[in-house]
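Step one of this worksheet: look at the structure below.
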Amino acid sequence: MPRSRLRPPSTPPASAYPELRRFLRHKGAVTGSVLLLVLMTMAALAPSLTPYDPIAQDQRASLRAPGSAHPLGTDVFGRDILSRVIWGGRQSLRVGLLAVAVGGLTGTLLGLLAGYYRGWTGTLVLRLTDLLLALPGILLALTIVAATGPSLENLIVAVGISSMPAYVRIVNGAVLDVTTRTFIEASRASGAADLRIIGRHVAPNILAPVIVLSTLGLGNALLIAATLSFLGMGAQPPTPEWGAMLSQGREFIFGYWWIATFPGVAILLAVIGANLLGEGMRDLLDPRLRV
Amino acid sequence: MARFLAWRLAATLFVLLGVAAAVFTLMNTLPGDPATMLVSHFGASAKDIEILREQLGLNDPFAVRFARFLGGALQGDLGKSFQQNRPVARILIENTWPTVQLALVSVGLATVIGVFAGVAAAVRRGSWADFLTMLISLLGISMPGFWLGLMLMLVFAVELRWLPALGGQGWSGMALPALTLALPAAATVARLTRSSMLEVLGEDYLRSARAKGLPERAVIYRHALRNALISVITFVGLQFGLLLGGSVVVESLFSRQGLGQLVVAAVFARDIPIVQGWCLLIAATYSLVNLLVDLSYALVNPRIRYDAP
């Protein structure tokens, strides 16, 4: 048995934030959130961080290999790849975060509705969710973009909707679980209105799975958004966006490796950050949840 | 069992009907006129476009068009492609085999690589080999598939020149697309195999198996892995759906014939019948694979029996 367990339980220093302390001790969660924070800060400070304009073309600097003037090289239009990667974070991270917000909010609301009111409302919501689940997430997003036309806004909605079913299912299950407890019955017997019961008793009980799902879902949203942008169904040129930047990389794969490489590294780092943070949140908040 | 199967098949049919309705509504109520898109390059006049709309049946009321689509779909007729002017069903069939081939090879690769890596990591829990496997698989699940494809292209086609970058035929053309799809899936399978192996490894029956003198390999692969496999099977099944999704980008990336490349082209051309037919085909395949996954549980674990709800 390790020595530390033999010592009398040391009284932890009185802390106002025990959750924060647990979070800070989880290596994965800390690494993940630092990664994401760094990327977001870079994206936010893009105008003052980048020496080059991300959109203006400079034919004399076309297709330069990485070097002192352009650390990550330039693309066919002579645009600095480092600058475009940093600016691209604005679009890519924004799309990812907003898509999670769209999917998480609507999914949670629908799940609450289905779980709390059951009956035909619940059946309707759950059957519609089954429809969404009939296509794999990325294909559902692709279909929605196919119908609505390629743009970043449509991409956000499409990725959001494709991530919705997971929230509906998990929240619905959690609500069903909570509402059968006696304290809800007691609350209802003492005359509490539905909204009050949902706000006071149901919401706190579904918060943990929703937080876990949305952090884990961020990585997936970033991947789907980048993929559809790569296919030309998201950001339109000349907007710098990581996925869209890579489609130029394919054209110039022979001889110009840097174009196809660095935007992908940015996506990889962001998704690793989201996955580490998400898994950390799962360990800390809801270890039983498997998504 | 038979009742369960019948019930699930009926439920699947209803879901497919719903998908048909949803996709048709989505595709036909949104702005953007396919007739205009089709001939806009040729400088067609408004009158030409009107004639084309009439020919494509786009002028009929929504309900009529939907009834026609659904009636046809039930008889296996998915309409005609706007662009190719051939039956959608035939075009889909022509493109199905290359995609299925790619998906099967990838699922096979992913399962073999993933299960072995997962078992190896679980058996050596806490060692550097375990750590390395898990690190690589974290990279694997966090990587955009198409970027992995680009990197494989850079290494094996551009630098080493072992394999063709685009449009290769036969096995050498299959290698890079299949690896691109298989590696991220293998990463998930490896993580899953590891965690379910770890749960099983502490069980008493493994101690018994060792006590009766079985070689370690038999203990691991015959007794432990078999019980750990059930959650892995679910995932391999779900991966099949993800691979169908991944095929969209991989086929476009490697210029490989298949359903994915077909639908991407159709999306840009607003060839609505192709997109609709493709959606139904994917939804049907995905639902059936999920059903097969559920049924396969009973094969791996005979204690699981299915009854109709």
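The values are calculated or read from the model by the stated rules, or taken from the named source; none is laboratory data. Keep in mind that what you see is a predicted model, and the values were worked out from it rather than measured. We place every Cβ from the backbone using ideal geometry, glycine too, and count neighbours over all the protein chains shown.
A compact table of results
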| quantity | calculated |
| --- | --- |
| Residue list for segment A:224-249, filter: hydroxyl-bearing (Ser, Thr, Tyr) and part of a helix (DSSP H, G or I) | A:Thr227, A:Ser229, A:Ser247 |
| Sole exception among (1) under 24 Å from the mean Cα position of the chain (by Cα); (2) polar (S, T, N, Q); (3) loosely packed, with under 14 Cβ neighbours inside 10 Å for A:Ser83, by number | (3) |
| Positions within segment A:94-109 being of a type in the set (A, V, I, L, M, F, W, C), surrounded by fewer than 24 Cβ atoms within 10 Å (Cβ to Cβ) and within 21 Å of A:Ser33 (Cβ to Cβ), in sequence order | A:Leu97, A:Leu98, A:Ala101 |
| Filter pass, B:Val100 being at pLDDT below 90, away from every other protein chain (no Cβ under 14 Å) and either more than 20 Å from B:Thr193 (Cβ to Cβ) or buried (at least 19 other Cβ atoms within 10 Å of the Cβ) (or both) | yes |
| Number of the condition not met by B:Ala121 [criteria: (1) modelled with pLDDT of 85 or more; (2) closer than 24 Å to B:Leu244 by Cα] | (2) |
| Test for B:Met197: is it buried (at least 23 other Cβ atoms within 10 Å of the Cβ) and more than 25 Å from the chain's Cα centre (by Cα) | yes |
| Segment B:246-265 - residue that is away from chain A (no Cβ under 11 Å) and not in a helix (DSSP H, G or I) and, of those, surrounded by the most Cβ atoms within 10 Å (Cβ to Cβ) | B:Gly258 |
| Identity of the residue in segment B:155-170, in a loop (DSSP other than H, G, I, E, B) and under 24 Å from B:Gln101 (Cβ atoms), that ends up modelled with the highest pLDDT | B:Trp162 |
| Output for segment A:108-137, where each listed residue is within 14 Å of chain B (Cβ to nearest Cβ) and not in a helix (DSSP H, G or I) | A:Ala134, A:Leu135, A:Pro136 |
| Residue tally, condition in contact with a Gly (Cβ under 6 Å, 6 or more places away or on another chain) and either more than 7 Å from chain B (Cβ to nearest Cβ) or closer than 17 Å to A:Gly89 by Cβ (or both), over segment A:253-268 | 2 |
| Residue within segment B:205-221 that is within 14 Å of another protein chain (Cβ to nearest Cβ) and either among the hydrophobic types (A, V, I, L, M, F, W, C) or surrounded by 18 or more Cβ atoms within 10 Å (Cβ to Cβ) (or both) present | no |
| Selection count, segment A:229-247, where residues are closer than 14 Å to A:Gly264 by Cα, within 11 Å of chain B (Cβ to nearest Cβ) and either hydrophobic (A, V, I, L, M, F, W, C) or surrounded by fewer than 24 Cβ atoms within 10 Å (Cβ to Cβ) (or both) | 5 |
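Listed here are the residues, each with its yes/no results for (1) within 9 Å of chain A (Cβ to nearest Cβ); (2) at pLDDT below 85; (3) surrounded by fewer than 16 Cβ atoms within 10 Å (Cβ to Cβ).
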residue: B:Ala269; (1), (2), (3): no, yes, no
residue: B:Pro273; (1), (2), (3): no, no, no
residue: B:Gly277; (1), (2), (3): no, no, no
residue: B:Ala283; (1), (2), (3): yes, no, no
residue: B:Leu292; (1), (2), (3): no, yes, yes
residue: B:Leu295; (1), (2), (3): no, yes, yes
